[in-house]
Amino acid sequence: MIEFKNVSKRYSGNQAIDDLNLTIPTGDFFVLVGPSGSGKTTTLKMLNRLIAPTDGNIYFNDKRLIDYDLTQLRLQMGYVLQNIALFPNLTIQDNIAIQAESLGWSRKRRIERARTLLQQVDLDPDKYATRMPSELSGGEQQRVGIIRALAIKPKVVLMDEPFSALDPISRKQLQDLVLRLHHELDMTFVFVTHDMHEALRLGQHIAVMRLGHIQQVGTSAEIMQHPANDFVRGFFENEHASRMVTVQTLLDAGYGTPVTTPATLSATAPVRELAAALQTTSAVVVATPTGSQSLTTPDLLDYLATKEAD
Ligand code: ADP
Ligand code: MG
């Protein structure tokens with residue numbers, strides 16, 4: 001378990017984090033979401049002691065973070081950066097095993113681990129292990145960035161906007177990938193994003209941040225159905241307002257399940273009306289020329305994940 005207790009961080013006069021209290025359960029997929037400047041990166045960096053709090057304490061498994069040996073702490077916290085930052089002069093397998101090497105793992109063990117991880121993210125080791133980073137696409141490089149953080153089996157994986165530089169299709173694929181990895185591995189994921197849809201799609205628990213303050217902590221359903229204040233409501237809805245697409249676009253993309261129950265929404269309605277309706281119910285029935293179709297919140301979030309966020 002990770003606990004922030006009355007944590008503040010001031011940068012020369014600028015209050016980046018103000019009295020943060022937060023609990024992250026062991027094994028959770030926890031997402032911090034908020035606009036730029038809300039203090040997400042600062043919070044993440046305090047977790048592996050790249051930044052020290054000005055006030056308050058952070059606890060990791062009931063022990064204060066500052067009481068850990070720094071090297072030991074970092075070994076338990078994998079870090080995935082926004083810009084992939086693979087070492088350009090090292091092969092993919094050497095990039096993945098870089099921390100294992102500093103721990104003194106044998107070359108044989110390092111290569112085995114790298115190959116296992118490549119396999120796990122659907123990158124054929126025979127093809128990719130000895131390539132150089134420049135020979136991979138952006139999405140493939142970010143896959144490697146993720147498995148590099150997993151290589152020495154940390155207890156916690158910290159991810160700071162890992163997909164924001166990717167195109168929507170790659171982004172959705174990598175979202176699916178981290179969901180699968182989280183399911184397969186026994187690790188706590190702490191994931192930072194400015195994209196509310198990404199947060200709702202990935203997070204078991206989500207903390208919405210603004211200007212160094214937590215606005216709300218909850219599950220996707222709690223945040224969508226009971227936004228704590230106008231900021232949280234607006235943060236979700238504004239993202240729909242800019243999308244002038246209709247519900248029909250979702251149906252055309254293959255979402256929806258045929259049903260015989262009466263429809264409450266037309267397929268020509270804008271997507272934001274579907275989003276609004278889904279705030280009070282788990283499925284909305286839409287009338288189409290060929291019959292009624294039921295659409296759910298996961299349908300909406302999966303669809304939106306493939307669209308440009310801004
Ligand atoms: P986010 O990741 O949500 O965009 P950050 O944690 O990077 O937010 O920043 C929070 C606030 O702290 C912002 O106002 C930012 O300008 C400020 N800040 C971040 N890093 C520094 C720094 N090294 N020096 C001074 N101010 C900083
Ligand atoms: Mg940031």
Checklist entry - Of the trypsin sites (Lys or Arg not before Pro) in the stretch 98-169, which ones lie in a loop per DSSP and count no more than 16 other C-beta atoms within 10 Å? => result R131, K155
Next on the checklist: For the stretch 251-310 and the stretch 131-167, what is the centre-to-centre distance using only Cα atoms, to the nearest Å?
Outcome noted: 33
Next on the checklist: As an exercise, use a Förster radius of 35 Å and the Cβ-Cβ distance of T23 and Q248 to find the FRET efficiency, rounded to the nearest 0.05.
Outcome noted: 0.25
Next on the checklist: I need the P(r) histogram for the stretch 108-196: all alpha carbon pairs, bin width 5 Å from 0 out to the longest distance, whole percents.
Outcome noted: 3, 13, 25, 26, 20, 11, 3, 1, 0
Item to check | Protein-only accessible surface order, largest first, of M132, M46 at 1.4 Å | outcome: M132, M46
Next on the checklist: Report for the chain the percent antiparallel among DSSP-assigned beta bridges with both residues inside it, nearest 5.
Outcome noted: 60
Checklist entry - Once the dipole of the stretch 149-256 is set up with Lys and Arg at +1 and Asp and Glu at -1 on Cβ about the Cα centre, which of I169, F236, L211 lies farthest towards its positive end? => result L211
Next on the checklist: Given Cβ point charges of +1 (Lys, Arg) and -1 (Asp, Glu) and nothing else, what value in debye, to the nearest 20, does the dipole of the stretch 2-227 about its Cα centre take?
Outcome noted: 520
Checklist entry - For the stretch 30-111, with the dipole built from +1 on Lys and Arg beta-carbon atoms and -1 on Asp and Glu ones, taken about the Cα centre, which of I51, L73, Q99 lies farthest toward the positive end? => result Q99
Checklist entry - How about the stretch 221-294: which trypsin sites (Lys or Arg not before Pro) there are in a DSSP loop, with at most 11 other Cβ atoms within 10 Å of their Cβ? => result none
Checklist entry - the chain: Rg/Rh from Cα coordinates, Kirkwood Rh? => result 1.01
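Using only Cα atoms, figure out Rg for the stretch 129-263 and give it as a multiple of 2.2 N^0.38 Å.
Compactness ratio reported: 1.24.
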Checklist entry - Sorted by packing (mean other beta-carbon atoms within 10 Å per residue), highest first, where do 173-182, 66-75, 50-59 land? => result 173-182, 50-59, 66-75
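The values are calculated or read from the model by the stated rules, or taken from the named source; none is laboratory data. Nothing here was measured: the structure is a model prediction, and the numbers come from that model. Heads up, the Cβs are rebuilt from the backbone with ideal geometry, glycines too, and the neighbour counts pull from every protein chain shown. Accessible surface areas use protein heavy atoms only, side chains included; no ligands, DNA or RNA. Shrake-Rupley method; radii C 1.70, N 1.55, O 1.52, S 1.80 Å.
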